[in-house]
Structures are given as C-alpha cells and as structure tokens.
Ligand code: GLY
C-alpha cells in the first residue's frame, strides 16, 4: 500500500478528520519540544491483519487519546502479531527447523523504568502482551520456553498447539524437502545447507527478505515526553530449536531511556547481541548525537566486531543486514541499516499521518 493511500486512510478516519485542515499549518509551525510520534519497522504500516488500521496508526491514535504509551505500542504490534500474512512475527511466523513457531519479545516502559521479555515462547500469538505481563506482574525480566508458556497460561492467555498457518507450514516443508531429502546429513552440513536454502528461497521471492530475520520494533513518545518501546518476532526462519535472537535481549533488540529516547532493531540478531547495540544507540543519543548519527555509530561498532570470514562479503563488509529504528524524547527519528535501497523504509505516524520514510544506509549495496 502506498504512503499516499495510507495517509488518505489516516486523514479520512473520524479521529483525525480535524487534523487534515491543520496539516499544512502544522508543517510551518515551530514544533513544540515534545510531539507525539510512533515509529516502527516497515511492517508497522504494511500489515493490517485484514482491517483498516496499521500498527503505527493504532498506537498513535491510542497514545494521542491519552493511553499509556506502552499500552498503545503493544496494541499496535498486536495487529502485526495476529496477521497471518506477516510471516516474521507472531501467528504464522516462520517456524524453527522442526517446524515449530517459537516467539521472542521484549518491551520497555520509559517512565516506569521497567522491562519484560519472553523467549522461545510457543502457543501464544501475542508474545508482546506476555512480555508486558512479565514486567507488570513479576520481579523478573525474561522468561523462556516452558516457563514462559506456564506463566502465560497462569495470566489467562490461551495456549494453542500450533501457531503455523498453511503458508508458514508450506514454506517449512519446502525448506525441509530441499535440505533433508534423505533425513538428516551431519549437523555441520545440515546447518550450512539450511542457511544456503533459506537464502535461496529469499532470492527466489518465496520468502520476503524482511521475514527471514523478520521482526517488528515499534517505539513511541507522547506529549509528556514519555518514551516506550516494544520488539516482537518469530526470529530467524528455520533456526536451530531453542535459538533466541536479539529481540528479547534488553539492550540488543530494544532499549529505552525516558531521559533520552528509544532504539530497537531488526535483522541478524547474533551480530547485534555482540554489541548490545540498541543500548549503544541510546547512549550515543545521550551524548548529544542526532538519531541518524547515533544509529550509524552503532552500526559501525557492529561492523568492526564482525570479523569471521563466513560473515563477510568480498569487500570485507558484513554479508547480512541490521536495521535500527531510533526515536528521541523530543520526537526526532531515523531508520538506519547497513544496506538500504529505495525499497527500504521504516514506518512513522505523527501529526502529519502515517507514512513510510527511507532507511539510510551505512554502506553501499
Ligand atoms: N532480529 C531478530 C532475530 O535475529 O531473531
């Protein structure tokens, strides 16, 4: 869906009809120190779960209507988690190597200075809500696997046997057919074959490149300058069962400091974890960098930590992508990545409506 259509849909909605007339005026007015803004990875605008509202629109509408910022963001990402068409997050996320969908999520509440997370959670479509329940109802930060599921059950979440859709199961079966025609080869060749076939399926257009390590990160700030964030994912497609990426790791897939801003990531989690780079972005913001430069400096750190030849292209640069979505307390934002082309976008919703804005690349493609 084009940005123009999204903006029309947004401005046409009852809640925002009054804003249409003031948009031009707002653009020329000096902005107040804090203006409500929600940003996310691109799927926060493209996924609507068959309805009329995207993640960033829903979150912005709730936040500007007075809802708690984190409640608004989580209601937004729930749209993507529940959307069977988004094979990177929640229900219908691409499964692990055994065909089981396992989900990771982290959320952080700036004003409350509380965070919660779940990893390798099976059977709950909305892991972000379970992560929030961990923050709100326990003294802990991160619950995993069976324990996370038991906790979710005790909090009243319904547990399903299988979060695959026909689409995610069919893709897994194809991956299995290609990598394991005669049961399993030795583990090393299996891992190599798994990676090769996964990337082949991306190149053939069977899997959206954004869904291979697919994730949604969504960050928001309200008029009081309260900053929150959430990241939620099904993680790496066809991962070794039990693998957890950066998304639920505080400081890696997400970090929020209510005095400064928020950052979150999508892309190759293993690379990000080694630098805890969302925390690093927020620290760079604290030092006075703007969102773009803070994100670029964190990417540069990840690049300098990436030395294994199997992870490098011929030119010595990383052979994978990592993206950061950066939001300051006063509503400035940026989306940055190792690699970005004209298709690479992040989602924004503010007083001008929802739209995609370009990701800025650190490196030439
Ligand atoms: N960034 C998502 C993951 O690596 O699982």
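The values are calculated or read from the model by the stated rules, or taken from the named source; none is laboratory data. As the structure is a prediction and not an experimental result, all values here were calculated from the model. Because the Cβ atoms are built from the backbone with ideal geometry, glycine has one as well, and the counts that use them run over all protein chains shown.
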Give 208, 259 a once-over and let me know the one that is more than 20 Å from the chain's Cα centre (by Cα) and either more than 10 Å from the ligand (Cβ to nearest atom) or in contact (Cβ under 8 Å) with a residue 40 or more places away in the chain (or both). 259
A careful count of residues in the range 320-329 that are surrounded by fewer than 23 Cβ atoms within 10 Å (Cβ to Cβ) and either assigned to a strand (DSSP E or B) or more than 15 Å from the ligand (Cβ to nearest atom) (or both) gives 1
Between residues in the range 150-166 that are closer than 11 Å to residue 125 by Cβ and residues that are part of a helix (DSSP H, G or I), which pairs lie under 7 Å by C-beta distance while being six or more apart or on different chains? 152/130; 157/130; 159/149; 159/152; 159/153
What's the number of the condition residue 97 fails, among (1) surrounded by fewer than 24 Cβ atoms within 10 Å (Cβ to Cβ); (2) modelled with pLDDT of 95 or more; (3) in a loop (DSSP other than H, G, I, E, B)? (2)
Assess whether residue 218 counts as being crowded, with 21+ Cβ neighbours inside 10 Å, more than 16 Å from the ligand (Cβ to nearest atom), part of a strand (DSSP E or B) and modelled with pLDDT of 90 or more. no
Taking the range 341-365 and keeping only residues that are outside any strand (DSSP E or B), in contact with a strand residue (DSSP E or B) (Cβ under 7 Å, 6 or more places away or on another chain) and farther than 18 Å from residue 45 by Cα, one is left with 362
Residues in the range 297-319 that are assigned to a loop (DSSP other than H, G, I, E, B) and touching a residue at least 24 places away in the same chain (Cβ under 8 Å) total 2
Taking the conditions exactly as written (outside any loop (DSSP other than H, G, I, E, B), surrounded by 24 or more Cβ atoms within 10 Å (Cβ to Cβ) and within 14 Å of the ligand (Cβ to nearest atom)), does residue 148 satisfy them or not? no
